[in-house]
Amino acid sequence: MAAGPAPPPGRPRAQMPHLRKMERVVVSMQDPDQGVKMRSQRLLVTVIPHAVTGSDVVQWLAQKFCVSEEEALHLGTVLVQHGYIYPLRDPRSLMLRPDETPYRFQTPYFWTSTLWPAAELDYAIYLAKKNIRKRGTLVDYEKDCYDQLHKKINHAWDLVLMQAREQLRAAKQRRKGDRLVIACQEQTYWLVNRPPTKSADFYKREIEYFRKALGRTRVKSSVCLEAYLSFCGQRGPHDPLVSGCLPSNPWISDNDAYWVMNAPTVAAPTKLRVERWGFSFRELLEDPMGRAHFMDFLGKEFSGENLSFWEACEELRYGTQAQVPTLVDAVYEQFLAPGAARWVNIDSRTMEQTLERLRQPHRYVLDDAQLHIYMLMKKDSYPRFLKSDMYKGLLAEAGIPLETKRRVFPFTWRPRHSSPSPALLPTPVEPTAACGPGGGDGVA
Amino acid sequence: MAREECKALLDGLNKTTACYHHLVLTVGGSADSQNLRQELQKTRQKAQELAVSACARLTAVLRDRSLAADERAEFERLWVAFSGCLDLLEADMRRALELGAAFPLHAPRRPLVRTGVAGASSGVAARALSTRSLRLEAEGDFDVADLRELEREVLQVGEMIDNMEMKVNVPRWTVQARQAAGAELLSTVSAGPSSVVSLQERGGGCDPRKALAAILFGAVLLAAVALAVCVAKLS
């Protein structure tokens with residue numbers, strides 16, 4: 001129905017940033033003083049301006065970005081391959097030659113980012129125009145595309161032919177030179193944006209993509225909105241922007257007590273921080289102090305090897321590649337071998353699979369075992385930790401920092417309350433007080 | 001007859017859309033100017049007028065339930081062509097808005113891309129507005145107000161398309177094109193006289209330049225022949 005189809009799967013719009021960068025380079029080439037030198041192209045009778053030679057482009061790029069000639073040549077070739085510059089003599093070979101071959105810039109309408117994605121209707125109109133102009137001599141892949149499009153968008157074929165004829169007639173109103181240039185521009189665009197050859201691999205990938213898309217988990221918006229609301233309600237008091245931070249916002253009062261008190265390892269964590277450990281197991285493990293206290297707790301329960309094993313697995317996953325073999329051996333010796341000192345309790349199936357995979361060690365061999373231990377700790381030890389006396393003691397000990405007191409002398413005053421939350425509306429000022437100074441300002 | 005009227009409106013819209021497409025091609029390039037933006041504005045306003053009247057006629061006809069089956073099929077074909085044309089127009093208007101905003105003419109932040117297209121496009125605009133010639137003089141900051149209007153018009157056209165789809169339901173798969181693949185080749189061969197006529201029209205357009213060149217060439221040839229004869233006579 002629409003003139004353009006939906007973007008093809010597997011090619012997200014993440015392509016755009018590098019196109020924008022290329023466009024900026026092309027536009028900076030157009031500067032009259034510092035851009036690339038322009039020459040004229042002389043055909044039999046007509047003279048068309050704004051042609052550049054390949055060597056000029058390479059030199060300009062090398063000078064502007066201070067790179068070697070080789071790199072400038074590569075950059076120029078990338079520009080040509082994306083259709084921002086096109087060769088005049090041999091339009092089908094999209095590469096930059098560092099000699100006297102002439103090139104010209106593509107008009108912004110036919111930049112890949114403007115005309116994205118390439119529409120079937122437009123391609124059909126282009127092929128029909130080419131058919132009319134060249135009296136049926138289309139290249140093989142163009143002939144195939146033409147037949148395919150005729151079948152695919154058969155309902156719009158009258159429109160295709162009408163538009164093709166009218167566009168040709170409109171083009172005749174221009175000078176010959178302009179007509180040639182516009183025809184070259186369109187041809188370049190359709191050379192760069194050729195439809196890809198659809199082999200069996202392409203279709204296999206499409207089927208795989210759609211199968212994965214069907215299998216994605218879907219959550220009702222009512223459910224996920226409720227979860228979002230409860231998350232916000234739970235975390236609201238902990239967010240420094242929403243509820244202010246005590247003792248004071250360091251950015252405003254220049255007092256960095258807040259950061260000192262909430263450093264990763266500090267002897268006395270604040271109350272808010274200890275409360276956060278109760279929100280989820282991940283919060284507890286991510287906080288170094290929380291992890292240390294949890295380790296103490298597990299030590300009392302004689303299951304500290306679980307957490308040690310988990311930490312060793314994390315080190316394996318995120319460590320250097322060179323350490324992988326030694327680490328894997330160490331972990332095996334300490335945690336997984338039958339008579340190991342700190343043997344972890346993994347179920348037999350996972351243990352068998354892990355021992356199999358340890359023959360070819362890599363970063364992720366212990367993933368399954370790590371996940372098993374993580375879930376074990378989460379379901380079993382973590383709730384007990386939250387109910388334990390140790391945690392309750394920590395909560396009671398943790399203090400709420402006081403706000404900074406107001407100094408006596410005016411010139412050392414710091415803001416009294418914690419920073420005003422930007423989410424709160426400003427209090428309305430009395431009209432008289434506002435008009436007075438405002439009137440005074442107006443008169444002055 | 002309703003059918004002829006609708007066909008004429010559709011042809012007009014088709015012509016204007018093609019001319020608008022041709023004009024939008026040069027926005028941002030070396031031929032971009034305030035005059036071009038004004039021509040674009042006039043062309044798209046004409047296109048919108050035609051679209052509104054065609055929409056009204058076609059909707060009225062297609063909502064009439066007492067229509068014979070073959071007539072309905074005919075009108076459905078026209079409807080599909082009309083909605084496709086309107087989609088093309090909307091897409092081109094969107095691109096014109098994007099490009100016009102990216103390459104402003106009033107405070108030159110970016111230099112225009114030197115594409116090699118240098119001539120005037122008044123011929124194309126004249127064809128779109130069905131006049132013989134067009135002479136426009138746009139002020140220096142025409143494109144500022146023009147962009148705002150263009151944004152509004154893009155939304156209007158979008159609304160028109162939505163309304164159309166709501167009012168009349170024509171499934172695309174029921175419409176079959178009359179013309180087979182490659183029909184345009186046959187038509188160009190068979191329309192020999194019409195192409196000759198169009199050549200003559202075009203020849204009439206650039207006659208003065210061609211006539212002058214022909215006269216000069218003839219004069220040079222005569223001079224060369226005279227000199228050769230003199231040389232032959234002398235020697």
Chain A: Rg to Rh, with Rh as the Kirkwood radius over Cα pairs: 1.13
Per its Cα gyration tensor (rounded if a/c is under 1.5, else prolate when a/b beats b/c, else oblate), chain B is best filed as oblate
Any lysines whose Cα falls less than 16 Å from that of A:K378, other than same-chain ones fewer than 8 residues away, would be A:K387
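Ignore the peptide's own chain and count Cβ atoms of other chains within 10 Å of each Cβ in A:38-51; give me the average, rounded.
2
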Where only protein heavy atoms count, and the probe is 1.4 Å, what is the accessible area per residue for the range B:78-130 in Å²? 31 Å²
In debye, nearest 20: dipole of the protein assembly as shown around its Cα centre with unit charges on the Cβ of K, R (+) and D, E (-)? 1960 debye
Give me the inter-chain shielding for B:14-21: mean count of other chain Cβ atoms within 10 Å, whole number please. 6
With labels modelled as points extended 7 Å from the Cα through the Cβ direction, what inter-label distance (nm, one decimal) is found for B:V220 paired with B:A69? 6.9 nm
For peptide B:80-89, compute the average count of partner chain beta-carbon atoms within 10 Å of each residue's beta-carbon. 6
Given the candidates A:T265, A:A396, A:H74, the one whose Cα lies deepest towards the positive end of the charge dipole of the protein assembly as shown, counting +1 at each Lys or Arg C-beta and -1 at each Asp or Glu C-beta, is A:H74
Between B:K233 and B:S53, Cβ-based FRET efficiency (R0 45 Å, step 0.05) works out to 0.05
The range A:358-393: trypsin sites (Lys or Arg not before Pro) in DSSP coil with no more than 10 other Cβ atoms inside 10 Å: A:R359
What order, most packed first, do the peptides A:171-179, A:237-245 have when packing is the mean number of other Cβ atoms within 10 Å of each residue? A:171-179, A:237-245
Sites removed, the longest contiguous part of chain A containing no DSSP-loop chymotrypsin sites (Phe, Trp or Tyr not before Pro) with at most 15 other Cβ within 10 Å is A:1-278
Proximal lysines relative to A:K143, as straight alpha-carbon distance under 21 Å, when same-chain residues fewer than 8 apart are discounted: A:K129, A:K130, A:K134, A:K151, A:K152, A:K198
Tell me which trypsin sites (Lys or Arg not before Pro) from the range A:278-352 have a DSSP coil assignment and no more than 14 other beta carbons within 10 Å of their own. A:R342
Can you compute the FRET efficiency between A:V324 and A:A227 using 1/(1 + (r/R0)^6), with r the Cβ-Cβ distance and R0 = 30 Å? Round to the nearest 0.05. 0.20
Name the residue from A:V26, A:H362, A:L307 whose Cα lies farthest towards the positive end of the charge dipole of the protein assembly as shown, charges +1 on Cβ of Lys and Arg and -1 on Cβ of Asp and Glu. A:V26
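Got the relative contact order for chain A handy, in percent, Cα pairs under 8 Å and 6 or more residues apart?
Relative contact order comes out at 11 percent.
The values are calculated or read from the model by the stated rules, or taken from the named source; none is laboratory data. Note that the structure is predicted; figures quoted are calculated from it, not measured. Here the Cβ is made from the backbone with ideal geometry for all residues, glycine too, and neighbour counts use every protein chain on show. Only protein heavy atoms, including side chains, enter the accessible area calculation; ligands, DNA and RNA are left aside. Shrake-Rupley method; radii C 1.70, N 1.55, O 1.52, S 1.80 Å.
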